[in-house]
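Since the structure comes first, as structure tokens, the remarks are kept for the end.
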Amino acid sequence: MIVKGPALDIPHISLFQMLENTVQRQPQRVAVRFAGTELTYRQLDESVRVAMAALQEAGVRMGDRVGIMLPNCPQYVIAYYAISGLGALVVQINPMSQVPELHYLLQNSGAQMVIAYGPLVPLVQKVRTEIGIEKVVGVSLLPAERQTVSPDVWFDEWLIETAKAGDALTNLSIPRYNPDDTVAVLQYTGGTTGRPKGAMLTHTNLVANAYQTRALIPAGNEETDVMVAALPLFHVFAMTVCMNYPIAAGITIRMVARFDAHEMLTILAEEHPTIFPGVPTMYLALTQVLPPGSTALQSLRVCISGGAPMPEQVLHNFENASGAVVLEGYGLTESSPVTHVNPAAERRRVGSIGLVAHNTDARVVSLHNPEQTLPVGERGELAIRGPQVMKGYWQKPQETAEVLVDGWLLTGDIATLDKDEYFYIVDRKKDMIIASGFNVYPREVEETLYQHPEVLEVAVVGVPDEYRGETVKAFVVRRTGHQDLTAEQLQTWCRERLAAYKIPRVIEFRDELPKSSVGKVLRRELRD
């Protein structure tokens, strides 16, 4: 059975044109609010155009790749829309990346420029010569951040100089391109190989998902809505739900550089935002620190949960404390990401990922034959088709062919479908771990641990965690003569090579790992 989502009229435009449309509708509406500063949509548009001129003067052209390695801040939005507006590709980089991860992403993407948070500039400098990065642009959020690092130029000064010079802005040439074919973002994801793959998300993919997300939000007054952007924008969920959707709708984005539950309660109590996207751990943290009788959450009308399954009790506790509707979304990097949503309480099905999004088809297919659609109730692989599905993986035709079959995206998730067209994820075809909404790929962690000279064998799995949903656990076999190797030593080793959320929080030493008759490590046995 193929389930078709409701029809929706989605404009055939680029991301930059989507911003321009909102500027024309409401130029004086506040677009971004951050750390005491505000940009109206007109000011945001002017800043984007100056950034486009600066990038173009620096040699950035259609198809070039430019990395963004920033925490949430207005400069992120400006850089993102300027790069993609020129028909170049935004390379999304996690600011928590360590040198080996950063080296791979920049080398694989072929980025020629990186716009990086000031304290992270030294990391970029370490790899720039070998990779051939032509320009490193720094972004500082505090004056002190400029004292110890030296990028080629600071972002704000670069834009001021460009605007003053005039010629670059006067000569700005915004290229014409087909949004269907033009890739806007390389959003890196992983897989069983452990090597991240760059999902090529086109302008059509991202614009479509912004409008699809907008259509899934219960009706309210968009003219007064304020969106809290506490999720990191380098993550595909935040990119669409916290940035592109509110820009399409003309909503004010209240940016938060880093989520802290106590600080978030202060923002909620004092500024009264109306929409809050988060991962389940955020909702749990907010309810845990909420003082008895507090009304801090009650300005919220809609909350959007994604990145990991929402525990039922956490959902109910948050809805009771806030009075808001919590929508649970499902998606994946390769679909920009939203494909399903579990609707408001009266139509919600506990344990379901919900109904398919607008202009989206979904079905459950045989694990042995992806062309065979399975009937209601049978387990198989969830397959998606729609305007939000990626163009493919960057420079990986074989991997692309494995997941894009006759226009359908094979998600790798095992699902069932009920008679009312609700979908349920029942298992994972992949071994991916979702820790606090971040994807962790076991092979990447395993390869890092294997580099330690005292490690003989290792297997990494996800285990339940009350706070994070899942956490990373490593089973390690020490080399002979190295029985003194400790979990703390291995965690220190990983901390120097991996982002914090990938570091195994639990390490169990074993004499051997369980294996099949052909020598394959039995992950399921370890997980069980």
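Of all residues in the range 66-75, which are outside any loop (DSSP other than H, G, I, E, B) and within 22 Å of VAL127 (Cα to Cα)? Reasoning before the result, please.
Our first condition is that a residue be outside any loop (DSSP other than H, G, I, E, B); within the range 66-75, this holds for 66-69, 74-75.
Of everything in the range 66-75, those that are outside any loop (DSSP other than H, G, I, E, B) and within 22 Å of VAL127 (Cα to Cα) turn out to be VAL66, GLY67, ILE68, MET69.
Pick out the one residue from ILE253, ILE247 that is over 23 Å from HIS340 (Cα atoms), out of contact with any Gly (no Cβ under 8 Å at 6 or more places or on another chain) and at pLDDT 95 or above.
ILE253
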| Out of all the residues in the range 449-457, is one or more surrounded by 17 or more Cβ atoms within 10 Å (Cβ to Cβ) and of a type in the set (Asp, Glu)? | yes
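Can you list the strands (runs of 3 or more DSSP E) lying wholly within the range 324-410 that have 3 or more residues being modelled with pLDDT under 95 and either touching a helix residue (DSSP H, G or I) at 6+ places or on another chain (Cβ under 8 Å) or outside the structural domain of PRO309 (by TED's automatic domain parsing) (or both)?
In the range 324-410, the matching strands (runs of 3 or more DSSP E) lie at 325-331.
What tally of residues in the range 204-243 results from selecting those that are over 16 Å from the mean Cα position of the chain (by Cα) and in a helix (DSSP H, G or I)? Outline the logic, then answer.
Narrowing the range 204-243 to residues over 16 Å from the mean Cα position of the chain (by Cα): 204, 208, 211-212, 214-227.
When the remaining residues are screened for being in a helix (DSSP H, G or I), the result is 204, 208, 211-212, 214-216.
Residues flagged as over 16 Å from the mean Cα position of the chain (by Cα) and in a helix (DSSP H, G or I) within the range 204-243 amount to 7.
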| Which of the residues spanning the range 286-313 are surrounded by 23 or more Cβ atoms within 10 Å (Cβ to Cβ) and not in a loop (DSSP other than H, G, I, E, B)? | LEU286, CYS303, ILE304, SER305
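Taking the conditions exactly as written (basic (Lys, Arg), touching a residue at least 24 places away in the same chain (Cβ under 8 Å) and not assigned by TED's automatic domain parsing to the domain that holds PRO337), does LYS135 satisfy them or not?
Values: basic (Lys, Arg): yes; touching a residue at least 24 places away in the same chain (Cβ under 8 Å): yes; not assigned by TED's automatic domain parsing to the domain that holds PRO337: yes.
It is true that LYS135 is basic (Lys, Arg), touching a residue at least 24 places away in the same chain (Cβ under 8 Å) and not assigned by TED's automatic domain parsing to the domain that holds PRO337.
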| task | Considering each of ARG443, ARG348 in turn, give the residue that is over 23 Å from the mean Cα position of the chain (by Cα) and either charged (D, E, K, R) or crowded, with 20+ Cβ neighbours inside 10 Å (or both). | result | ARG348
| said: Quick test for you: out of GLU161, GLU145, pick the one residue that is touching a Pro at 6+ places or on another chain (Cβ under 9 Å) and charged (D, E, K, R). | reply: GLU145
| Taking the range 153-168, which residues are surrounded by fewer than 16 Cβ atoms within 10 Å (Cβ to Cβ), of a type outside the set (A, V, I, L, M) and either part of a helix (DSSP H, G or I) or not assigned by TED's automatic domain parsing to the domain that holds ALA54 (or both)? | ASP156, GLU157, GLU161, LYS164, ASP167
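Looking at this structure, is ALA415 buried (at least 22 other Cβ atoms within 10 Å of the Cβ), touching a strand residue (DSSP E or B) at 6+ places or on another chain (Cβ under 9 Å) and at pLDDT below 95?
Details: buried (at least 22 other Cβ atoms within 10 Å of the Cβ): yes; touching a strand residue (DSSP E or B) at 6+ places or on another chain (Cβ under 9 Å): yes; at pLDDT below 95: yes.
Spelling it out, ALA415 is indeed buried (at least 22 other Cβ atoms within 10 Å of the Cβ), touching a strand residue (DSSP E or B) at 6+ places or on another chain (Cβ under 9 Å) and at pLDDT below 95.
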| message | If a residue must be surrounded by fewer than 22 Cβ atoms within 10 Å (Cβ to Cβ) and either closer than 30 Å to GLY306 by Cβ or hydrophobic (A, V, I, L, M, F, W, C) (or both), how many such residues does the range 476-493 contain? | response | 5
| said: Among the numbered criteria (1) assigned to a loop (DSSP other than H, G, I, E, B); (2) closer than 26 Å to VAL314 by Cα; (3) in contact with a Lys or Arg (Cβ under 8 Å, 6 or more places away or on another chain), which one does TYR467 miss? | reply: (3)
| note | Cβ pairs under 9 Å, 6+ apart or interchain, first in the range 489-515 and closer than 19 Å to PRO95 by Cα, second surrounded by fewer than 17 Cβ atoms within 10 Å (Cβ to Cβ) and of a type in the set (Val, Ile, Thr), ordered by first then second residue, are GLU496/VAL99; ARG497/VAL99
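The values are calculated or read from the model by the stated rules, or taken from the named source; none is laboratory data. If you're wondering where the values come from, they're calculated on a predicted model, not measured in any experiment. Backbone-built Cβ (ideal geometry, glycine too); neighbour counts: all protein chains shown.
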